[in-house]
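What follows is a single structure, written as structure tokens, with notes after it.
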Amino acid sequence: MPPEHRAQKIRVIDAFPEMADSLDAEQERLARQYALATLQIVPPGLWHPRRNLQREPGHLGLLVLDGLLTRDVVMGETLATELVGRGDVLRPADHDGEEAPVPFDIVWHVLEPTRIAILDRQFTRVIGHWPEAMEVLMRGAVSRAQSLAITLAVSHLRRVDTRLLIIMWYLADRWGKVTPEGVNVPLRLTHQTLGRLVGAQRPSVTTALKQLAEEGRLTRARDQTWLLHGDPPETLQRLRKERGAGGRLLQRPD
């Protein structure tokens, strides 16, 4: 049986402890015991989410526990990419691109082995006893929408090198870690994927990355992830200040 079809129940609080941050000890115990979900393990490659995952009313969607995916919106020969990772809530069955005024398609790619919790009606009924835990899921959905808005804004900047630098710092704010060599963005993103993120053609991305490397601002690590050097550009600093995120994860190494 393919890995993505293996049914396994998990305790969502164990896999995503952020949901218990505002619960007291007894609430956390009950949530851990009764808030169960089906685990879906998705291997790297093309992913075709089953439409029947969300058929029943009250289904919250799919919670990404770990891993990395891309969601490509395909409109004719144009393609735009969204990065999806831990904490994002997905509802892939809510796709009406075929009936849209200008039809489009959605293509999912799994870049790293990904675990997903299927938040079905039973889970919704249980977790509804603790609004604080529900709020964490809602925050994940809203954060994903905000990330899309930021990506859209970045794609409108004039210079491709500026787009790439800002999007990399934005990704670092979510996934990065400060190392002695610089801020590591542990995502193995190809030039083509980066181009789809920032709205640029791959040759332009390659040229811009070479320029950023020559300036000592962005380089490729040995493991094909990325290293940022120096400080974030002023544009990103202003964006972070406006959304009240004073730096979630760029912690200095021990």
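Observations, loosely collected:
- Number of the condition not met by Val110 [criteria: (1) of a type in the set (A, V, I, L, M, F, W, C); (2) open to solvent by 60 Å² or more (accessible area, probe 1.4 Å); (3) at pLDDT 95 or above]: (2)
- Just one residue in the set Val178, Val142 is open to solvent by 30 Å² or more (accessible area, probe 1.4 Å) and either touching a residue at least 60 places away in the same chain (Cβ under 8 Å) or within 27 Å of Leu65 (Cα to Cα) (or both); that residue is Val142.
- Only listed residue being surrounded by fewer than 13 Cβ atoms within 10 Å (Cβ to Cβ) and touching a strand residue (DSSP E or B) at 6+ places or on another chain (Cβ under 8 Å), chosen from Gln40, Gln33: Gln33
- Matching residues, the range 210-233, being crowded, with 20+ Cβ neighbours inside 10 Å and over 17 Å from Leu194 (Cβ atoms): Pro232
- Within the range 118-131, tally of residues that are closer than 17 Å to Ser22 by Cβ and open to solvent by 70 Å² or more (accessible area, probe 1.4 Å): 2
- As a summary of the residue check, Arg188 satisfies the conditions (1) under 25 Å from Val64 (Cβ atoms); (2) open to solvent by less than 40 Å² (accessible area, probe 1.4 Å); (3) among the charged types (D, E, K, R) except for the one numbered (2).
- Residue check for His95: in a loop (DSSP other than H, G, I, E, B), open to solvent by less than 50 Å² (accessible area, probe 1.4 Å) and touching a strand residue (DSSP E or B) at 6+ places or on another chain (Cβ under 6 Å): yes
- Cβ pairs under 9 Å, 6+ apart, first in the range 183-202 and without any contact (Cβ under 8 Å) to a residue 40 or more places away in the chain, second part of a strand (DSSP E or B) and among the charged types (D, E, K, R): Pro186/Lys177
- All positions within the range 61-77 that are in contact (Cβ under 8 Å) with a residue 40 or more places away in the chain, of a type outside the set (Val, Ile, Thr) and under 26 Å from Pro103 (Cα atoms): Gly61, Leu62, Leu69, Asp72
- Summed over the range 121-137, residues that are closer than 27 Å to Thr70 by Cβ and in contact with a strand residue (DSSP E or B) (Cβ under 8 Å, 6 or more places away or on another chain) total 2.
Table: residues versus (1) β-branched (Val, Ile, Thr); (2) more than 23 Å from the chain's Cα centre (by Cα); (3) at pLDDT 95 or above.
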residue: Pro2; (1), (2), (3): no, yes, no
residue: Ile13; (1), (2), (3): yes, no, yes
residue: Ala25; (1), (2), (3): no, yes, yes
residue: Thr38; (1), (2), (3): yes, no, no
residue: Pro49; (1), (2), (3): no, no, no
residue: Gln54; (1), (2), (3): no, no, no
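- Of all the numbered requirements in (1) surrounded by fewer than 16 Cβ atoms within 10 Å (Cβ to Cβ); (2) over 18 Å from the mean Cα position of the chain (by Cα); (3) more than 29 Å from Lys9 (Cβ to Cβ), Leu157 misses one, and that requirement is (1).
- Those residues of the range 211-236 which are in a helix (DSSP H, G or I) and modelled with pLDDT of 90 or more, in sequence order: Gln211, Leu212, Ala213, Glu214
- Criterion: part of a helix (DSSP H, G or I), modelled with pLDDT of 95 or more, of a type outside the set (Phe, Trp, Tyr) and under 21 Å from the mean Cα position of the chain (by Cα) - qualifying residue of Leu239, Leu164, Leu197: Leu164
- Only one of Arg159, Arg220, Arg202 that is over 25 Å from Val84 (Cβ atoms) and out of contact with any Asp or Glu (no Cβ under 8 Å at 6 or more places or on another chain): Arg159
The values are calculated or read from the model by the stated rules, or taken from the named source; none is laboratory data. Bear in mind the structure is a predicted one, so any value in this text is a computation, not a measurement. Note: ideal-geometry Cβ built from the backbone for every residue, glycine included; neighbour counts use all protein chains shown. In case anyone asks, the SASA skips ligands and DNA or RNA and just uses the protein heavy atoms, side chains included. Shrake-Rupley method; radii C 1.70, N 1.55, O 1.52, S 1.80 Å.
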